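Right, one structure below, let's go through it.
The values are calculated or read from the model by the stated rules, or taken from the named source; none is laboratory data. Everything numeric here is computed off the predicted structure, so don't read it as measured data. Glycine also receives a Cβ, built like all others from the backbone with ideal geometry; neighbour counts cover every protein chain displayed. Quick note on the areas: whole protein, heavy atoms, side chains included, nothing else; ligands and nucleic acids left out. Shrake-Rupley method; radii C 1.70, N 1.55, O 1.52, S 1.80 Å.
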Amino acid sequence: MPPQPPPSSFSLGDRAFAALGAGRPDTATLDLLHRAHLSRHLLLLRELRLSATVEPDWFTRLSTTDPDQTRQWIADPMTGLWAAHALRTGAAPDAAPAPRGGHRLTAHHRDLSLRVRVDDSDPLRRSLGLTPAPALTPVQAAHWSACLDEAWRLLVDRHRAAATTVAAVLRVIVPVLPDPVAEGISATSAEAFGAVAMSAPVDGRSLAAGLIHETQHSVLNTVQLLFPLVEPGGEREYSPWREDPRPASGVLHGAYAYLAVTRFWRDEWRAGGSPAGGFEFARWREAVLSAAGDLLDGGRLTPAGERFVTALRAQAAAWRDDPVAPETARLAALANADHRARWRLRNLAVTPGDTGRLADAWRAGQPPPAVTSRLSSAPGRALENSHRLRLAHARVKGDAADRTGDGDAGAGDAACVRGDHGTALRSYGEALVKNRDDDAAWSGLALVAPQQALRARPEVVRAAALALPGADIVTLADWLSG
Amino acid sequence: MEPGQDGDGKPTEWRSVMIDLSGVSLTDLVTDDDESVLAHSLRRVLGELSGPGEPIAGFNSAV
């Protein structure tokens with residue numbers, strides 16, 4: 001056998017790198033990502049072996065197993081998780097890796113196959129970040145299988161490029177318990193390329209969207225292993241996909257995943273004209289553009305990160321002129337504005353000193369001083385939970401009944417979503433007369449009020465209104481907008 | 001990571017510090033005592049372990 005050439009560094013041509021940033025990796029790039037993740041696992045296992053004074057059972061077994069089987073085990077997403085966990089904790093790993101169980105599913109449509117393991121037994125699956133579901137019942141396993149078949153047909157028929165990426169990356173699905181405030185939840189660990197934790201899908205289409213989304217996280221994790229895209233550190237920032245502030249790397253993950261989700265809904269909408277697809281497309285297109293712009297302006301990206309995000313933004317911008325129905329566009333813009341208003345009210349606060357200066361200026365009849373809003377929330381995952389968003393979804397789907405929530409804010413939400421800003425304004429105003437600390441009413445007011453201060457910085461108006469309980473809120477908002 | 005550049009200073013290729021080990025067996029990797037070849041890759045992979053390691057979570061397939 002001729003001697004093997006020495007290993008070389010990974011590299012990617014600029015054109016391929018930009019295509020990757022635009023969410024369109026070709027097969028050569030997907031192969032490179034696979035080799036990178038395999039190289040990572042080999043290095044982790046090497047360190048694990050060298051950290052043991054006596055040859056561990058798992059290494060002995062690997063050394064005496066068929067090379068193809070060994071390679072499959074090394075490449076498995078859960079192996080990366082296992083090795084990283086063992087190295088981080090310093091705990092002696094299990095004596096020997098058992099053959100991995102779970103439900104092995106194959107979805108085949110036309111000329112493309114997807115082979116995954118639905119893992120409902122490996123104790124390591126807890127490390128994927130969400131609470132694992134117990135072992136699947138036969139009925140639950142059949143549901144996963146049926147949804148996967150349906151999702152795969154949809155992906156291959158309408159989203160060929162995404163299907164190719166999913167087939168190249170996805171290896172393990174870990175069923176998790178649903179989140180009470182979310183209609184579907186999923187997660188990806190940076191240490192488990194090709195594994196996704198996911199609650200049971202409603203149907204094949206939601207599973208397809210979820211798999212595309214999570215696969216993007218795996219791809220991006222490996223891109224960042226090869227080419228760091230974000231400088232470490234920095235303050236947490238606004239992210240259109242989470243209620244909590246996120247570091248720049250988290251914003252990038254969201255933008256990259258939702259770029260693929262945007263493409264998915266764009267293709268769905270163009271194929272079938274579904275208003276729901278048009279809503280999702282219009283909403284996420286703008287969110288991705290906004291997040292990419294914030295990243296490029298934020299000064300946290302490396303040169304590679306700037307190239308990557310520039311390509312990402314260009315892809316989303318290319319879809320900007322794709323028309324959607326005016327009512328769909330209005331509801332999508334409302335959903336994004338709603339998220340931003342709620343995010344500001346949840347996470348930003350005016351300092352007590354600035355609030356005091358606001359109150360003093362008001363009482364003295366002076367113009368408002370400049371004040372700063374600062375992050376005030378504790379770190380921690382929070383998912384979107386909005387009554388108005390649920391109403392918007394219902395309206396998009398043609399549900400004529402305007403389900404109102406409790407109280408004035410609930411009535412305001414129904415009016416807001418149907419575009420009756422006058423009624424919404426009165427309802428939110430009445431809600432705040434009863435309780436000035438009602439954030440649902442404040443965020444609604446931020447969507448329909450004419451005052452710029454309420455629309456752009458509702459947390460400042462709220463701070464002033466709470467410090468000046470006798471002041472009229474509309475007059476305060478006018479003053480702060482002056 | 002450093003970009004290769006063309007005559008205009010624009011990157012033509014993005015080069016990683018990570019080495020492609022996909023063709024190497026684990027046994028060979030363990031017995032190879034030339035740490036210098038692996039130094040950058042090891043630092044990159046092991047450096048990740050000291051990070052927060054927070055899973056990216058939150059997709060809400062609402063429609």
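Add -39500 (n - 2.57) for each DSSP H run of 4 or more in chain A, then divide by its residues: what number comes out at 222 nm, to the nearest 500 deg cm²/dmol?
One gets -19000 deg cm²/dmol as the mean residue ellipticity at 222 nm.
Can you give me the % of accessible surface on chain A that is carbon or sulfur? Probe 1.4 Å, all protein chains present, nothing else counted.
53 percent
With +1 on each Lys and Arg Cβ and -1 on each Asp and Glu Cβ, how big is the dipole of region A:1-159 about its Cα centre, in debye rounded to the nearest 20?
Dipole of region A:1-159, to the nearest 20 debye: 220 debye.
Return a whole-number percent for the relative contact order of region A:235-324, with Cα pairs under 8 Å and 6 or more residues apart as the contact set.
This gives 25 percent for region A:235-324.
Please average, across the residues of A:40-53, the number of beta carbons from any other chain that are within 10 Å of each residue's own beta carbon, and give a whole number.
5
At A:Glu327 and A:Val139, where each label point lies 7 Å from the Cα along Cα→Cβ, what is the point-to-point distance in nanometres?
So the label points at A:Glu327 and A:Val139 sit 3.8 nm apart.
Compute the normalised compactness of the protein assembly as shown: alpha-carbon radius of gyration over 2.2 N^0.38 Å, N being the residue count.
Ratio of Cα Rg to 2.2 N^0.38 Å: 1.06.
Per residue, how much accessible area does chain A have with a 1.4 Å probe, in Å²?
41 Å²
Along the charge dipole of the protein assembly as shown, which of A:Pro232, B:Ser36, A:Leu445 sits closest to the positive end, that is, farthest toward it, with unit charges on the beta carbon of Lys, Arg, Asp and Glu (+1, +1, -1, -1)?
A:Leu445
Between the DSSP loop rule and a limit of at most 16 other Cβ atoms within 10 Å, which trypsin sites (Lys or Arg not before Pro) in region A:35-123 are left?
Of the trypsin sites (Lys or Arg not before Pro), the ones in loops of region A:35-123 whose Cβ has at most 16 other Cβ atoms within 10 Å are A:Arg110.
Please give the average number of partner chain Cβ atoms lying within 10 Å of the Cβ of each residue in A:150-163, rounded to a whole number.
0
Under the Karplus relation 6.51 cos²θ - 1.76 cosθ + 1.60, θ = phi - 60°, what is the ordered set of whole-Hz ³J(HN,Hα) values for region A:456-467, x standing for Gly and Pro?
With coefficients 6.51, -1.76 and 1.60, one gets 8, 9, x, 5, 6, 5, 4, 4, 5, 5, 6, 7 Hz.
Mind putting a number on the dipole of chain A about its Cα centre? Charges go on the C-beta only, +1 for Lys and Arg and -1 for Asp and Glu, and I need it in Debye to the nearest 20.
It works out to roughly 460 debye.
Lys/Arg Cβ at +1, Asp/Glu Cβ at -1, dipole of the protein assembly as shown taken about the Cα centre: which of A:Ser186, A:His421, A:Pro134 is farthest positive-ward?
Looking along the dipole axis, the top candidate is A:His421.
Report the accessible surface area buried between chains A and B, summing both sides, using a 1.4 Å probe on protein heavy atoms only, in Å² rounded to the nearest 100.
About 4800 Å² of accessible surface is lost on pairing.
Need one value for A:203-215: mean number of C-beta atoms belonging to other chains within 10 Å of its residues' C-beta atoms.
For this peptide, the per-residue mean of nearby foreign Cβ atoms is 2.
May I ask you to evaluate 6.51 cos²θ - 1.76 cosθ + 1.60, the Karplus curve with θ = phi - 60°, for each residue of region A:435-443 and list the ³J(HN,Hα) values in order in whole Hz, giving x for glycine and proline?
Each residue of region A:435-443 in turn: 8, 6, 9, 8, 5, 5, 6, 4, 5 Hz.
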